[in-house]
Structures are given as structure tokens and as C-alpha cells.
Amino acid sequence: MGRLAPLGLGLLGIIASGCDDAASRRDPQASPTAVTSAEARPESPARARPEPESPARARPAPETRPSPLVPVSAWSDEWMLEQADRYLYDLAFRREMLERSLTNHDNQYSRARLSAYARDDQGWDLLPEWVPRTQPITAAVATRLAAGETPALDPSAAPLWDGTRPSTMAQWVELGRKVFFEYPLRPEVFAEHALAHPAIATEVGLGPGTDERWPGLVLFEDIGHEPRVGITCALCHTTVEAGAVVEGRARRELDYGRLRLAYHRDSGAPLPPVLAERMASWGPGRADITEDDDQDPVAIPDLWGVKQHSALTQAGTIRHLHPAVLAIRQETQITHANRERSRPPRELAWALAMYVYSLQPPPREAAPSGPQVERGAELFARGCERCHDDAVHGGDPVPARLVGTDPTLAFGLARGTGRYRPAPLLRVAEAAPYLHHGQLASLEELLSTERLAASYDRGVHGPGPIEGHLFGTELPPEDRGALLAYLRTL
Ligand code: HEC
Ligand code: HEC
């Protein structure tokens, strides 16, 4: 392995400067306990949207969000097939969707896109399209890597798309699946290192499925034609459970920080101590995927039911107005991750969006029912639905201070909007750890006030109180039990 240059650093472009204290950013009026316990009273029937606030860093989104062009209930396959052309060929439409979908035009995420995306004569639209040749990481490839060699691609490995535009939804989804598993976001020296050192791979939660392929990693021919190991969407959004690949499930055992640290430790490639400390703090199932100085690693989400989300990401960075909005997210994510050297053909980004919409949780046994679950549903309707207005798919983002959870992400420079999205609760019982920071191990703890104590030491990523989201904690134990029973049916 001759190339130990840290080419894979794009994701963590965090510069170790001006590391400001997250606590200093807290809105002094946002005493989570005071605000949220008042909000939490289940007898309060108010369904009104919470008032605007003035966050220190993120400008709050305007209260009246532009209405979606077409309500999501009308996003039929047929309609989406028609809409593909608007995204693929109509530059003005893409620009309009970009501008309308970004909740806070002043965060880094938005600024990067507003300055470079869907501009007529400049920016990312002018980058060359790139369709790499890729092949899966199989046992044979892993063995060669372990022997210190990056093998050339099999001559029969074809570019992952032959340029034929799909004509049915099934074809779009199939192409999207290929992109999800095979399109490299970028070369990744960290992953290559782990493949060469199986003990590290196991330690950080990477491994093959029963088909002996490693989902999330590929061998590909880079733009300069050299073979590289790359990461794909499936690295974070697919798991291997008892050998079976579960598409769309967050890979909660992936310790991405540790993966990077192992590379730096073994190669001697320099890493500023402040970054090393941050990576060590992520733990499994979280990553800080932004480029600011904020320490705001987020839990990797399951990608189920995304079509119905009114906003994308946990801070509601993007209003989900149209499928083109997701396609733009994916197109710009790939372009940016690949250090703006190329862009994916738009057909591939649209296909990725169609694939993400197609993802559903794996089948399970019939959810329990009965009086306790019914009681829980009633309690949910009274105390939770004004935010989680669709229990399964979440709700519109609310001001972070109304929830009172750690505000760092909501007010972060990178993606901040001043808000958090009421979490989608589809299969929530399988989605531990909870909240955007993944600090809470169980739903029982979410509904209990024990976690607020200064001495609390059962946080998933370290000791200390886990504040906010007091909704439901005021209920008598029996009702909390009913609410839990209901949540487990979602
Ligand atoms: C390094 C891990 C990683 C990789 C690789 C990755 N993601 Fe994600 N993804 C995340 C994390 C973490 C979030 C949560 C971000 C947030 O809420 O701020 C996320 C959020 C999302 C969301 C928003 C979900 C929601 O509920 O709003 C979608 C959609 C998504 N990713 C799709 C993709 C696709 C498609 C790819 C491949 C192009 C990809 N991701 C690659 C970690 C990853
Ligand atoms: C004021 C709005 C609001 C109310 C009321 C509310 N929630 Fe939430 N809920 C949120 C937000 C916002 C989040 C995400 C917070 C975060 O990640 O920091 C959330 C997160 C959650 C989560 C975590 C899910 C995950 O995967 O991490 C659960 C479970 C949940 N809420 C259940 C409930 C229940 C049960 C009630 C009623 C007793 C309720 N919520 C009331 C806004 C609300």
C-alpha cells in the first residue's frame, strides 16, 4: 500500500482552530426543564406550532414554510416518473428547489450549495460527470489488501452505469440500489487500512455478509485510473445482522472515529490532538459529518419512510418539498465528498432518491395490541402528537429550546437551523440509542427523570445528565408503561 497520504480526509475537514465552547452558545432563556415540563403537560390540547425564537447562531426558519408543490400523499410512482425530467434537465427548477428547500441560508451547508449548485456558468454543474468502474470487496480482495497490496480491478468490472435511462420505477430503484452499494463517495485510506488489518475491521464494526461481500466498501478505479478502496452510502446506512444484509438500517456498531484513529496510530500520519479527542468521543453509531469546529456528532438514522418526512436531517436542514430536494442532497453530498473533482450523473442521484424512498423496515411479527396499547395511543395523541404529528414519520422541526435537548447541533454553524425535527418513530423500539446525539440507551430512560441527575452515568457516550425532551416523564408509571407499549408497535 504505497499511498498513505490522507486523501480520505474530505469528510472531516474540521480545522483545529477557535474551538469555542458549546455551552456558551446555549440560549440563557432555554432552561430546558422549565420550558419543556410546561410543554409536556398532556392535558394541554394546543396543537399550535411553537413560537419563533431568536437563536444565537442560526437564524430561525420563517414560520410559514412554503407549501410543497404537491403534498406527499400525491407523490405516486407515476408522478415521480414525470418529475424526473424537471430535476434532470431544468436548471432553473433545480435552483428554485435548492433555494426553497434550505431552511437556513446562512449555515455552511447552505452556503456551499447556494454558491456552487445550479449556477448557469459556474460551480459544480461544470464539473465532469464520473461513472467509475467498481467491484465489491470480496474475501479474495481483502486477502490481497491484507498482504499490503491494492489489487487492480478485475478487467471485466464495468462502469456501474451504462448510460441507459431507466423508464420504470422498478428500474430507477434498482439503479439507485447499485449506486447506494457501489458508487464510491471518495477513496478512503482509513477503510483500506482496516481491510488490511482484520482485527481493526472487527473492532470498528465492519465485516462481510454471508455472501462474503463487505457492504459499504468497494474497490474502484479512481479518476486518475489507480485502484482504490472507497466508501459508499451502505457504510453507514446498512447493517449485517446474523450474516444478512439489512438495507437502510443504521450501522449502529460502526465506530468511524476509532477507524480513523487506528489509521493515524499505525501510519504515524499526523493528527492534531483536539481532532483525535473528538474522534475518540464519537463512539459507535455516530459521526460528525460536518466541517465546522462544533462538537456535534449525530446518530446515524435508519432510512425508512423518508418519503414522508417533512424535513431532512435531525436539525431539519432541508425542507422536503419535492423528490428533487433529496436528489439534490445526494448529488451535492457525493460531489462534495469527492472533493469537488467530479459530479455523479444526475440520473444516478435521482435513482438514489427513488431507492431511498423505496426502503422499508424488514418484516416483523405482528405488533401487539390490546387495552394497554390503546391507552398508550390515547396518551400519545394528547401529549405527543402536537409535535410528532405523524407518529411514524415525525413532524415539522420545532425550536430547539422547546425540546431542551443538547442545543449544539441545532445552533451549529454547519447545519444549524435553531430547530430539531420531532424524530420519526417508525420502528423506534429497534432504533436505540436515542435522540439526535444517540446518548440514551432505552425508551424507558427517555421517559424517566433519572437521566437528568448530575450523577447520571449511563449515557451511551459518557457520563453526565441527559437533558431535555421531558415529555411523558411526568406521567404515572402505569401510563408510561402504556406509552412504551404503544411506541413498541410503531
Ligand atoms: C459516514 C457515514 C455516512 C455515510 C457514508 C452516508 N451517510 Fe447518510 N447520514 C449519516 C448521518 C450521521 C446522518 C444524520 C445527519 C443529520 O441528521 O444531521 C445521515 C442522514 C442521511 C439522510 C437523512 C435522513 C433523515 O432522516 O432525514 C439521508 C436521506 C441519507 N443520510 C442518505 C445517504 C445516502 C444516499 C448516502 C450515500 C450517498 C449516505 N447517506 C452516506 C451518515 C452517513
Ligand atoms: C415540543 C415537541 C415535542 C413533543 C411534545 C414531543 N416530542 Fe418527542 N421529540 C421531539 C423532538 C424535536 C425530538 C428530537 C430531539 C433530539 O433529537 O434532540 C424528539 C424525539 C423523540 C424520541 C426519540 C426517537 C429517536 O429515535 O431518537 C422519542 C421516542 C419521542 N420523541 C417520543 C415522544 C413521546 C412519547 C412524546 C409524548 C409523551 C413526545 N415525544 C413529545 C419533539 C417533541
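The values are calculated or read from the model by the stated rules, or taken from the named source; none is laboratory data. What you are looking at is a predicted structure, and each value in this text was computed from that prediction instead of being measured. Methodologically, a virtual Cβ is constructed for each residue, glycine included, from the backbone with ideal geometry; neighbour enumeration extends over all protein chains shown.
Structural remarks
- Residues that are farther than 17 Å from CYS236 by Cα and either β-branched (Val, Ile, Thr) or assigned to a loop (DSSP other than H, G, I, E, B) (or both), drawn from region 161-199: TRP161, ASP162, GLY163, THR164, ARG165, PRO166, SER167, THR168, VAL173, HIS197
- Counting only residues that are away from ligand 1 (no atom under 16 Å from the Cβ) and within 21 Å of the chain's Cα centre (by Cα), region 355-386 holds 1 of them.
- Boolean, LEU413 is part of a loop (DSSP other than H, G, I, E, B), closer than 27 Å to ALA118 by Cα and away from ligand 2 (no atom under 16 Å from the Cβ): yes
- Considering only residues in region 409-454 that are polar (S, T, N, Q) and surrounded by fewer than 20 Cβ atoms within 10 Å (Cβ to Cβ), the one that is nearest to GLU478 (Cα to Cα) turns out to be SER448.
- Taking region 302-316 as the range and being more than 6 Å from ligand 1 (Cβ to nearest atom), out of contact with any Phe, Trp or Tyr (no Cβ under 6 Å at 6 or more places or on another chain) and of a type outside the set (A, V, I, L, M, F, W, C) as the test, the residues that pass are ASP302, GLY305, GLN308, SER310, GLY316.
- Single residue of region 455-490 satisfying the filter (acidic (Asp, Glu) and out of contact with any Ser or Thr (no Cβ under 8 Å at 6 or more places or on another chain)) that is nearest to PRO424 (Cα to Cα): ASP479
- Pairing each residue of region 461-485 that is over 11 Å from LEU379 (Cβ atoms) and modelled with pLDDT under 95 with any residue that is part of a helix (DSSP H, G or I) and within 16 Å of ligand 1 (Cβ to nearest atom), provided the two are 6+ apart or on different chains, yields C-beta distances under 9 Å for HIS461/SER281; HIS461/TRP282; GLY462/SER281.
- Meets criteria (buried (at least 17 other Cβ atoms within 10 Å of the Cβ), at pLDDT 95 or above and closer than 30 Å to ASP396 by Cα) for THR134: no
- In region 440-454, the residues that are out of contact with any Ser or Thr (no Cβ under 7 Å at 6 or more places or on another chain) and either within 8 Å of ligand 2 (Cβ to nearest atom) or within 21 Å of HIS237 (Cβ to Cβ) (or both): LEU440, LEU443, LEU446
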